[in-house]
Amino acid sequence: MPICKVDGVEVEFEPGMNVLQVAELAGKEIPRFCYHERLSIAGNCRMCLVEVKPGPPKPQASCALPAAENMEIFTDTPMVRKARHGVMEFLLINHPLDCPICDQGGECDLQDQAMGYGRDDSRYADNKRAVEEKFMGPLIKTVMTRCIQCTRCVRFITEVAGVPEIGLISRGEDVEITTYLDKAVTSELSANIIDLCPVGALTSKPYAFNARPWELKKTESVDVMDALGSAIRVDARGSAVLRVLPRVNEDINEEWISDKTRYAVDGLARQRLDRPYIREAGKLRPATWSEALDAVATRLKATAPDRIGVIAGALQDAESMKAALDLFRGLGVQSIDCREDGMALGDGPRQSWLFNSTISGIEDADVVLLVGVNPRLEASVLNARLRKRWLAGALKVGVIGEPVDLTYPYEYLGAGPKSLAGLSKAKGDFVTALKSAKAPAIIVGAGALNRPDSAAVLRAAGAVANSFGMTWNVLHSAASRVGGLDLGFTPGEGGKTAGELAAKGGADVLFLLGADEIDASASGAFTVYLGTHGDRGAHGADVILPGAAYTEKNGLYVNTEGRVQQGVRAVFPKGEAKEDWAILRALSERLGAKLPYDSLDQLRSHLFADHPSFGRIDHVDGPQAAADLDLGSLGGQQGGGQQGGGKGEVSDAPFVSAITAFYQSNAIARASVTMAECAAQASGASKIAAE
């Protein structure tokens, strides 16, 4: 590898690195505003100036200068210090003195670098220019007078998000960032520009004036708004979660999160269930925990096991599902299901329901076939990775399903399963590329696996993947799904599926463990709802047991690639609500079937002993483990009890994405005012109804 000197110290570096990167390898801090390692180089701010030999006797922008063999780099000479003082002085000419009222205060790059590298005074006494604010939607607050034109927001929206709706117009002193048409930014990743903005020009509109960063308790956790399990930081003050920010995790979300992950948190404080309720004479009344648990236990004791059903929802942690599984299996209940949507997976090997390429590994694919999935809505961060691979000129995409805007071009191959079954005989550029691909992959979404003919679709998808040597990937839309399938939270012998339990006469007692995405109103069963919000599951419940949200408990979640991750409690449950596993443990005593654990640690010990995969925190098997997966046998599974099963033919019905309302896809998001505003904006409505 080539070698150069940084402040007299020899450093080896990889060819293609710039001077700024080489200086950081040597442990030297280079101030910057416009440079970002995940964006293209702009060279706007000139804050990263260094002195280089051989070269002209003037400071040079280190971000835009390639490093070369035997180059000498000086990061702290009098010339460099003087240049940085001058650049900072220019940047502050028009910047307003807003620090006391700016939401960026305390975590502002301009503030920090002005202290570290700027002058202690200014020689300019001219009037500051003002720039009118821009409308960027309900999430992004603008104070464009503070803008230093680093263009990070422009490059992110154009390059990463793929929605070029922000740009730089005019020249000289009149230059400004704008949304061109004065409309809201339509990307599901738009709020990441708030983190990228090095000044207070772009800040969080819902979080405006709520808190200062030093007032907040910061907790590292994982996201449950989709099945990716993005790394997040939950910032709370007292009992309130005020904001969620991304953490860097190169294997999953890099440093981006979706707008829903970031802004649905106000739903954690609204429409919450904070005490038990019992329905009497058609109306719910507040009850004590003892009354509620006794009512549930009495009804369960009086009901035959084959008339009891349990359905787990999309946001459940592994511990709550393990406790429910142990309790109800111990009672002889076989009708247990974690697949509210009726997905036809769960009877085969573990790799059959995983995203085997891994989230970061999908960037190694050269041809990708999307079947019944819209990654832009179902996994926005994954969609950004696919776009990243396409931008590098190394990816060709084919779509079978809805024709949607994925932010990158693709070849549309058909709307439904018959197009999938006939793919091997089809013609076109995509099929030609697929035949010669070195690392092809198929991504099957819940939209292809939650249909009456889903087992037959699964068989067809497996056959296509097998014939082209494609890596098998399932993209789930529920955070709890892989964990539930790993636990075996599926019907036992003679048991009914979630759809069958929710049908009329499906069960006499129905226990909903946070299940809000299934309509069980027609079942006529005595319904027990253990959950967090007064949402769909609670509306028809006869007994309500208030549980803890994902920010209010320690829990394990398994993402779509099979990676076990730890969610960490940031605040305590609301009111009288308790952690889900603790409620089930208390219920077990009243049923005379006491669960053998009294603490979360004991529960996890049983979980790891019965299901060793949960003990491998942050481990993912990857495509090697799926190399021997018999794709041809996928459609031969039971199919989760789907009507139409695995033996029938595929229907003509087109695939429809599992997520149609991105901003209101779960109980927390539906309770969020911010998400309601985003949904109204996305639908073209200008107002939402007041509560």
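Principal axes first, then extents: for the Cα atoms of segment 281-405, list largest minus smallest coordinate on each axis, whole Å, largest first.
63, 34, 25
Over the Cα atoms of segment 171-254, how large are the radius of gyration and the largest Cα-Cα distance (Dmax), in Å?
Radius of gyration, then largest Cα-Cα span, for segment 171-254: 15.6, 48 Å.
In vacuo Debye scattering of segment 95-244, one point per C-alpha: log10 I(q)/I(0) at q = 0.14, 0.21 Å⁻¹?
One equal scatterer on each Cα of segment 95-244 leads to -0.79, -1.48.
Binning at 10 angstrom from zero up to the longest distance, how are the C-alpha pair distances of segment 66-114 distributed in percent?
20, 35, 27, 14, 4
For the chain, what is the per residue volume of the convex hull drawn over the alpha-carbon atoms, in cubic angstrom?
176
Please give the length that would be gained between Glu220 and Lys438 if that part of the chain were fully extended, namely 0.36 nm times their separation in residues minus their C-alpha to C-alpha distance (nm, one decimal).
Fully extending the segment from Glu220 to Lys438 adds 74.7 nm.
For Val673 and Glu69, what is the calculated FRET efficiency with R₀ set at 60 Å and r taken between the beta-carbons, to the nearest 0.05?
It comes out at approximately 0.55.
Residue-wise, which Karplus ³J(HN,Hα) couplings in Hz belong to segment 341-349, taking 6.51 cos²θ - 1.76 cosθ + 1.60, θ = phi - 60°, and x for glycine or proline?
8, x, 4, 8, 9, x, 9, x, x
Dipole size in debye (nearest 20) for the chain around its Cα centre, Lys and Arg Cβ +1, Asp and Glu Cβ -1?
720
Keeping all protein chains in place, calculate the accessible area per residue for segment 429-563 (probe 1.4 angstrom), answer in Å².
Each residue of segment 429-563 exposes 26 Å² on average to a 1.4 Å probe.
Relative to the compact-globule scaling 2.2 N^0.38 Å, provide the ratio for the alpha-carbon radius of gyration of segment 247-347.
Here the Cα radius of gyration is 1.46 times the empirical estimate.
Suppose R0 equals 51 Å; then what is the FRET efficiency for Arg123 and Ile3 from their Cβ-Cβ distance, rounded to the nearest 0.05?
Approximately 0.75, to the nearest 0.05.
Could you derive backbone 3J(HN,Hα) for segment 135-150 from the dihedral phi with the Karplus parameters 6.51, -1.76 and 1.60 (θ = phi - 60°), listing whole Hz in sequence and x where the residue is Gly or Pro?
Once θ is set to phi - 60°, the couplings for segment 135-150 become 8, 10, x, x, 9, 10, 8, 10, 9, 6, 5, 7, 5, 10, 6, 6 Hz.
Which whole-number percent gives the relative contact order of the chain, counting Cα pairs below 8 Å spaced six or more residues apart?
Relative contact order comes out at 15 percent.
Any idea of Asp306's accessible area? Nearest 10 Å², probe 1.4 Å.
About 110 Å², rounded to the nearest 10.
In deg cm²/dmol and to the nearest 500, what is the mean residue ellipticity at 222 nm of the chain if only DSSP H runs of at least 4 residues count, each as -39500 (n - 2.57), divided by the residue total?
-6500 deg cm²/dmol
Below 18 Å, Cα to Cα, which aspartates and glutamates can Lys5 reach? Residues fewer than 8 away in the same chain don't count.
Glu14, Glu24, Glu29, Glu51, Glu69, Glu72, Asp76
Once fully extended, how much extra length lies between Lys504 and Glu132, figured as 0.36 nm per residue of separation less the alpha-carbon to alpha-carbon distance?
Using 0.36 nm per residue and subtracting the Cα-Cα distance, I get 128.0 nm.
Would you kindly state how much longer the chain becomes between Glu10 and Val248 on full extension, computed as 0.36 nm times their sequence separation minus their alpha carbon distance, in nm to one decimal?
Stretched fully, the Glu10-Val248 segment lengthens by 82.7 nm.
With the cut-off at 1.5 for a/c, could you classify segment 351-472 from its C-alpha gyration tensor as rounded, prolate or oblate?
Judged from the Cα gyration tensor, segment 351-472 comes out rounded (a/c under 1.5).
List, in the order given, every pair from Lys396/Lys427; Lys322/Lys553; Lys217/Lys574; Lys28/Lys82; Lys553/Lys574; Lys53/Lys82 whose Cα-Cα distance in the structure shown is over 20 Å.
Among Lys396/Lys427; Lys322/Lys553; Lys217/Lys574; Lys28/Lys82; Lys553/Lys574; Lys53/Lys82, the Cα-Cα distance tops 20 Å for no pair.
Among 312-319, 209-216, what's the highest-first ranking by average C-beta atoms within 10 angstrom per residue?
Descending packing order for the listed peptides: 312-319, 209-216.
Could you compute how fast segment 433-542 diffuses translationally, taking Rh as the Kirkwood radius over C-alpha pairs and applying Stokes-Einstein at 10 °C with viscosity 1.306 mPa s? Give it in µm² per second.
Roughly 96 µm²/s, to the nearest whole number.
In terms of modelled amide H atoms, which long-range or inter-chain residues lie less than 5 Å from the amide H of Ser204?
Long-range HN contacts for Ser204: Lys141.
Just tell me which aspartates and glutamates come within less than 13 Å, Cα to Cα, of Lys283; anything on the same chain fewer than 8 places away is out.
Filter leaves Asp542.
Once each part is reduced to its C-alpha centroid, what is the distance from segment 160-189 to segment 535-608 in angstrom?
If you average the Cα positions of each part, the centres end up 44 Å apart.
Given the peptides 291-298, 560-567, arrange them by the average over their residues of other C-beta atoms within 10 Å, most packed first.
560-567, 291-298
Tell me which trypsin sites (Lys or Arg not before Pro) from segment 80-163 have a DSSP coil assignment and no more than 16 other beta carbons within 10 Å of their own.
Arg119, Arg123, Lys128, Arg129
Could you check the spin-label model distance between Asp112 and Thr186? Points 7 Å from the Cα along Cα→Cβ, value in nm.
Inter-label distance under the simple model: 3.6 nm.
Using a Förster radius of 51 Å, what is the FRET efficiency between Arg38 and Lys594 based on their Cβ-Cβ separation? Nearest 0.05, please.
With R0 = 51 Å, the Cβ-Cβ based efficiency is 0.45.
So how do 491-500, 375-384, 277-286 stack up, highest first, on mean other-Cβ count within 10 Å?
Peptide ranking by packing, descending: 375-384, 491-500, 277-286.
The values are calculated or read from the model by the stated rules, or taken from the named source; none is laboratory data. Only a predicted model underlies this, so the values are computations on that prediction, with no experimental measurement involved. Because the Cβ atoms are built from the backbone with ideal geometry, glycine has one as well, and the counts that use them run over all protein chains shown. The accessibility values were calculated without ligands, DNA or RNA, using every heavy atom of the protein model including side chains. Shrake-Rupley method; radii C 1.70, N 1.55, O 1.52, S 1.80 Å.
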